[in-house]
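Visitor: Structure below; questions to follow.
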Amino acid sequence: MVLLEPDPFLSELHKMYERNKNGSVWITMKRSNMKPRKTKKPDPKREYVCLIRANDGKRHISTTVSPTQYAKFSQSMVIIMKGAMADTLKRKEKKKDK
């Protein structure tokens, strides 16, 4: 798994959606404090980050986003996801009243 900075993660996510137009891309998000495994007690003053992972079954990428950057990052990610799903969704026909 490759840990990327947020901006390269978004560009790789876009490429992943382009490669898998007929397949699936899975995205997971979770809160993480990124503590080393050897420490006994977590530092109470340490702020949590959001760990975001994406995979397409073959390639795995991940990034961490701080709470201050999260709003901007999520807006960028939503734009990429909507662009990837725009071609796959079917439009609903409006019912005509007689």
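Visitor: What are the residue pairs meeting all of these: first residue in the range 1-27, first residue in contact (Cβ under 8 Å) with a residue 24 or more places away in the chain and in a loop (DSSP other than H, G, I, E, B), second residue buried (at least 16 other Cβ atoms within 10 Å of the Cβ) and of a type in the set (Lys, Arg), Cβ atoms under 8 Å, and 6 or more apart or on different chains?
Guide: Partner pairs satisfying both residue conditions: Met1/Arg53.
Visitor: Give the number of residues within the range 58-73 that are loosely packed, with under 15 Cβ neighbours inside 10 Å and without any contact (Cβ under 8 Å) to a residue 40 or more places away in the chain.
Guide: Within the range 58-73, the subset loosely packed, with under 15 Cβ neighbours inside 10 Å is 58, 60, 66-69, 71-72.
Now restrict to residues that are without any contact (Cβ under 8 Å) to a residue 40 or more places away in the chain: 58, 66-68, 71-72.
Qualifying residue count, the range 58-73: 6.
Visitor: For residues in the range 45-85 being among the basic types (Lys, Arg) and assigned to a loop (DSSP other than H, G, I, E, B), which is farthest from the chain's Cα centre (by Cα)?
Guide: First, pick out the residues of the range 45-85 that are among the basic types (Lys, Arg): 45-46, 53, 58-59, 72, 82.
Remaining after also requiring assigned to a loop (DSSP other than H, G, I, E, B): 45-46, 58-59.
Details: Lys45: 26, Arg46: 23, Lys58: 16, Arg59: 14 Å.
Applying the filter and picking the extreme gives Lys45.
Read-outs: derived from the displayed coordinates by stated rules, not from any lab. The structure displayed is predicted, hence computed values, not measured ones. Positions of Cβ are generated from backbone atoms using ideal geometry, with glycine treated the same way; all protein chains shown enter the neighbour counts.
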